[in-house]
1. Multiplying the sequence separation of residue 142 and residue 59 by 0.36 nm and subtracting their Cα-Cα distance, what value in nm do you get?
2. Hey, what do the phi angles of segment 168-177 turn into as Karplus ³J(HN,Hα) couplings, whole Hz, using 6.51/-1.76/1.60 and θ = phi - 60°, x for Gly and Pro?
3. Using θ = phi - 60° and the Karplus curve 6.51 cos²θ - 1.76 cosθ + 1.60, what whole-Hz ³J(HN,Hα) does each residue of segment 119-129 get, with Gly and Pro shown as x?
4. If a paramagnetic tag sat 7 Å from the Cα of residue 86 along the Cα-Cβ line, which residues of segment 108-146 would have the backbone N under 13 Å from that point?
5. Report the GluC sites (Glu not before Pro) located in segment 70-104 that are in a DSSP loop and have at most 11 other Cβ atoms inside 10 Å of their Cβ, or state none.
6. Post the alpha-carbon centroid distance, segment 107-122 to segment 208-225, in whole angstrom.
7. Please give the length that would be gained between residue 183 and residue 225 if that part of the chain were fully extended, namely 0.36 nm times their separation in residues minus their C-alpha to C-alpha distance (nm, one decimal).
Amino acid sequence: MRARRFDIADLSWVVSGVGISRFPAPWRLFECAAKGPEQENSISIVTHDRADLNNLQRVNGVWSIGRHRPYLYLEKVLAYEGFERRELFLLVHSCFLVDRDGGGHLFLARSGTGKSTLARKMRGLMTGGNDETNILYRCGGALLVSSTPFYTIPKLKQAVINNITAPLKQVYLLHKATTGPSRIDDPVDPDALWRYLVEGQVSTPYTKKEYFAAYHRMMNDLCNTIPVRPFFHTLHDSPEQVAMVLRGAAS
């Protein structure tokens, strides 16, 4: 058995077992400008052959994850830890871009809607975090977004990913458009947004009943306090045109 430690700003993971050597480390999340020493919390994880992805177990403070393809479990462990540690902490299926002024643009989108296309297109004008899974969280009352190192295997080689954290400037619901210029519409109704997010766009507690209260509280916080605007991305628009539309909405 070998062990590796992953430092994630104010969190650190200790992972023991075989089959985890390709997981990127270190990976810093939750970076902020707050002064003073950050408290270190240790998340202990051990790999087992019979771990159940849909029923993660933590015994005596130690999480059990699958020895094969452990990256599938690590994302969920991070979500569960977030439900316990923060008032708002959501792993969202999304594309994350950071503008030149340091502001974060988060694009919520289902698979096939063009998250990776948008991230590749905006290279040079904006910095891409992760175009598949990112974290939205509160720190000192402010809303921030952090990229994650999590990716599905088919997208890994073409990944547009940087280890980056930024204050949230705007949240969008990404759509493909075939006619007219790219545009941003009025905010989505909170009830419609809630239904959209729970249909697989935000990591859920699954069988962990003790996390459902925190999960629902965080979902309500997101839907009721953050305007989420539909962004219709016309693929033939230039990166400069898209950047102008996004910056105009966020100003």
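1. Values: separation 83, 0.36 × 83 = 29.88 nm, distance 3.35 nm.
Full-extension gain reported as 26.5 nm.
2. Here the 3J(HN,Hα) series is 6, 9, 7, 10, 10, 10, 7, 9, 8, 10 Hz.
3. Ordered by residue, 3J(HN,Hα) equals 4, 5, 5, 8, 4, x, 9, 9, 9, x, x Hz.
4. What the label zone holds, given the 13 Å backbone N cut-off, is 134-146.
5. Details: sites: 75, 81, 84, 87; in loops: 87.
In loop regions of segment 70-104 (DSSP not H, G, I, E or B), there are no sparsely surrounded GluC sites (Glu not before Pro).
6. Here the answer is 26 Å between Cα centres.
7. On the way: separation 42, 0.36 × 42 = 15.12 nm, distance 2.24 nm.
Gain in length upon complete extension: 12.9 nm.
Here, each number is a calculation from the coordinates, and none is a lab measurement. As the structure is a computational prediction, the values presented were derived from the model and not from experiment. Don't worry about glycine lacking a Cβ; one is built from the backbone with ideal geometry, like all the others, and counts go over all protein chains shown.
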